[in-house]
Amino acid sequence: MRSAAVGSMMVCAWVIAGAGVPGSKAHAESIAAVASVANPASAAPNAATLKQAESESADIPFASAHAAGPSTPSAANAWGGERTGKETTLSDRVVSYRINADLDAAKHAVTASEHMTWRNRSDRAVSRVYFHLYLNGFKNNGSTWFTERKVLTAHGQSRGAASLEKGQWGWIDLKQVKQGSAALAWHYVQPDGGPATDQSVACIDLAQPVPAGGTLTLDIDFLSQLPRVVERTGWWGDFNLVGQWFPKIGVLELAGERGAAAPRWNVHEFHFNSEFYADFGSFDVHLTAPSDYTVGAVGKLQGQPTQAQGKTTYHFMQGDVHDFAWLAAKGYKTLDGSWQGPGSPKVAVRVIYPAQYAATAAPTLKATIDSLGYFSTTLGAYPYETITAVVPPYNASEAGGMEYPTFFTSDGYQEIVPGTLNEYMSDFVNIHEFGHGYFYGLLASNEFEEPMLDEGMNEYWDDRMMRERNEDVVLATPLMKRLGVAPTMSGFMLDRTAADLKQPADPLSQNSWDRLSSNSYGTVYSRTATAMHDLEERLGKSVMERAMRLYYQRWRFRHPSAADLRAALIDGSGDAKDVNAIFDQYVYGTAHIDDSITDIDVAEVLPNAGVVTTNGKPVESDQNALDKQIKTRREAWDKAHPKPTFDDEGPFPWRSTVTVFRDGASVPQLLRVTFADGTHQDVRWDDGRRWARFDFVKPAKVVSAELDPPQLAYLDANKLNDSLTTKPNGAASRRWTADFAAALEAFYSALVTL
């Protein structure tokens, strides 16, 4: 999902504006609490709802309504164990879909039949299964999606804020579900205690249970009515982005997988801020659309399309993925390229775009090809034969910045001038959405419960790629560029400004719906990137990259948790102390950092009055004699320095005491003190003291002190108090306020273009 290029700029604008055991009775009762906490706008479930929830969970329970990132690593054999590359398929395919779909372009409706096979990986029989019907989130205002939107957008800005009018709602209508020759009944459930009017999850009662290790086959006829584009999917004019459009079976997690202690159905409602989670499998899909429409989809086109009665049918197949989406748009153009790297097949790269955004096509193609190279080199080889990027039309931007396996949507620009904000945003959105193909696609993170593993880790790796390309954020419109005004900052610095470091509301490992606001959810992107930036600075860039390659190697084609990421980073780096500090404080906690320099005290070191032992005998100094001695030395020094400056040392050495104070979590810091003679001394402050004093006795006095002079600790919420001088010097302040000033300038310049 789109973030920093658009999201971080939005957050900058907000900154400127001021802005129980599962299955038990206790588990069922916990759902009542969720209604008032996770879904504060909905009423608490009544007794019938609680009874239903308990009944639904009687054999295999639901994952907790408050499920989030677990702290215990998954078992070594989770999801069938690490993929060695010697298996017959890239993933342990749990499910397969054969779908025939026909688009009624005038109605933006898809009539389809689905033949699904699913393998019961558990050790017990399954008598009912659960399906996601995501489009029902756009069916009416009573859905969990719309109910949560009322609260979350009231306390923070977000995408997906458009209102749907008559004729613009979307839904999935199940026409028939059959197991063999038996017609099956279904009903809607709310696993997270959402409103009873939510229909985003359906329970299907089976005619014959699926035995342990057995396979279920279902045939489903359905109609998917696309909504007008409000978020991620839908139509606008002759543009149809068909995403989350088919009945998709939930994930049956087993003991040892992502914190599960026993089999459980991970099948959450469609929440406002959540995205998706599904089993790996294969897709064999026939798509029929008007012949004058351009069609693109997940996977590889099989053979030549066939035409009949003004419509064309396309056949796409893709194995070892967990979702399928497609595009049908009238009059769209294509731009093609290719890429191949070590360990990867030759990849066909296609950009599909409207004529109004022709300027976006070539930059999108280049950014996608560049991303294939970077991610394959730094994480692991790209395993698929295709990647397709789609540019939505004007007025359908909410369909942009969305990801599916081998398929993503971008953003469109009528003009992309090198060295402008448009260029950066175009490049970043393409890199970010491609990057999801790794963190959401190949690693298959649970975006419901652990959005940081996808959105956050992807954002971090994207910032890394932009840094390697030497491509900073240029906070300038084309007009500003022509006028010679083009302030810049790094992508990591931009994310830092959006990360809400001073008072984070939620742990990074929190799920997507138990959030204070959409603003807080948005920090999943920026705060994760900032935390991983600081961890990389502690571990070293090459060490961090080695650890991330290990993470990818272990968990590709599986479903890792935050605890699995932590374990891989520890094993890959050999540095448990620093990895655990970041995870304990920021992933599982809401710690903040604000280290500061509070005082610099300077005093001359004069001869001491009192008793001094000389040759084994106590000798008392005479104060009058000392005063005369001090005076004589001063007069001699003054004579030698007729025009002294502030920085001149004087005849005696100086004792300088620098006091540092810690408001928040303990982090390693470098303290640099600079002396009047131009020299400096570095000291490490890496203990847990709340405050500390450092003394320096030198011929020259300390004139300034600064924490983190290399600018590595981005998690420090307030960098303006990291330095102090004994005379006016605004260098440090100017450096750390540059990001805010640049964002402010860009924000106001953007207003002019609206």
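The values are calculated or read from the model by the stated rules, or taken from the named source; none is laboratory data. Everything numeric in this text was worked out from a predicted model, so none of it was measured. When we count neighbours, we look across all protein chains shown, and the Cβ atoms used for this are built from the backbone with ideal geometry, even at glycine. The area values use the complete protein model at the heavy-atom level, side chains included, leaving out ligands, DNA and RNA. Shrake-Rupley method; radii C 1.70, N 1.55, O 1.52, S 1.80 Å.
With a 1.4 Å probe and every protein chain left in place, work out the accessible area per residue of the range 290-340 in Å², rounded to a whole number. Per residue, the range 290-340 has an accessible area of 45 Å². For the range 105-136, the list of trypsin sites (Lys or Arg not before Pro) that fall in a loop by DSSP and count at most 16 other C-beta atoms within 10 angstrom reads 107, 124. Each of 96, 172, 563 was placed along the dipole of the chain (beta-carbon charges, centred on the mean Cα), and the one lying farthest toward the positive end is 96. Under the √(5λ) rule applied to the eigenvalues of the Cα gyration tensor, what semi-axes describe the equivalent ellipsoid of the chain? Give them in Å, descending. Three semi-axes, in Å: 57, 30, 23. Tell me the label-point distance for the pair residue 150, residue 98, using the 7 Å Cα-to-Cβ offset, in nm and rounded to one decimal. In this crude label model, residue 150 to residue 98 measures out at 4.5 nm. Counting only aspartates and glutamates at least 8 places from residue 248 when in the same chain, those with an alpha carbon closer than 12 Å to its own are 114, 279, 323. Output the pairs from 481/727; 617/701; 346/577; 150/178; 178/333; 86/300 with a Cα-Cα distance over 30 Å in this structure; if there are none, say none. Long pairs (Cα-Cα over 30 Å): 481/727; 617/701; 346/577; 150/178; 178/333. On a per residue basis, the range 388-511 carries 26 Å² of accessible surface, using protein heavy atoms and a 1.4 Å probe. A simple spin-label model places the labels of residue 89 and residue 334 2.7 nm from each other, with each point 7 Å out along Cα-to-Cβ.
Applying 1/(1 + (r/R0)^6) with R0 = 60 Å to the Cβ-Cβ distance of residue 219 and residue 712 gives a FRET efficiency near 0.55.
For residue 631, the aspartates and glutamates whose Cα falls under 19 Å of its own Cα, not counting residues fewer than eight places away in the same chain, are 604, 622, 648, 649.
The HN-Hα couplings worked out from phi for the range 362-378 by the Karplus form 6.51 cos²θ - 1.76 cosθ + 1.60 (θ = phi - 60°) are 5, x, 5, 4, 5, 4, 5, 5, 4, 5, 4, x, 5, 5, 5, 6, 8 Hz, whole numbers, x standing for Gly and Pro. The distance linking the range 181-219 with the range 329-345 is 38 Å (Cα centroid to Cα centroid, whole angstrom). Checking every one of the GluC sites (Glu not before Pro) in the range 395-468 against DSSP loop status and a limit of 12 other Cβ atoms within 10 Å picks out 415. For residue 684 and residue 488, a Förster radius of 30 Å and the Cβ-Cβ distance give a FRET efficiency of 0.45, rounded to the nearest 0.05. Of the peptides 261-272, 384-395, the ranking by mean beta-carbon count within 10 Å, highest at the top, reads 261-272, 384-395. In the chain, a dipole from Cβ-located charges (positive for Lys and Arg, negative for Asp and Glu) runs towards its positive end, and of 590, 268, 553 it is 553 whose Cα lies farthest in that direction. Restricting attention to the range 327-468, close to 55% of DSSP beta bridges with both partner residues there are antiparallel. What the range 126-271 shows is 31 Å² of accessible area per residue, with the surface traced by a 1.4 Å probe over protein heavy atoms. Just so you know, the Cα atoms of the range 205-334 work out to an Rg and Dmax of 17.8, 55 Å. Remark: the chain carries a charge dipole of roughly 420 debye about the Cα centre, counting +1 on each Lys and Arg Cβ and -1 on each Asp and Glu Cβ.
For the charge dipole of the chain, defined by +1 on Lys and Arg C-beta atoms and -1 on Asp and Glu C-beta atoms about the Cα centroid, which residue among 183, 85, 529 has the Cα displaced farthest towards the positive pole? The one lying farthest along the dipole's positive direction is 85. Per-residue packing, averaged as other Cβ atoms within 10 Å, sorts the ranges 633-642, 208-217, 612-621, 296-305 into the order 296-305, 208-217, 633-642, 612-621, beginning with the highest.
Within the straight-line cut-off of under 20 Å between alpha carbons, the aspartates and glutamates reachable from residue 330 are 102, 104, 238, 292, 398, 411, sequence neighbours fewer than 8 places apart in one chain being disregarded. By the helix-only formula, in which each DSSP H run with n ≥ 4 contributes -39500 (n - 2.57) and the sum is divided by residues, the chain has a 222 nm mean residue ellipticity of -8500 deg cm²/dmol.
Just the protein heavy atoms count here, and of the accessible area of the chain at 1.4 Å, carbon and sulfur take up 52 percent.
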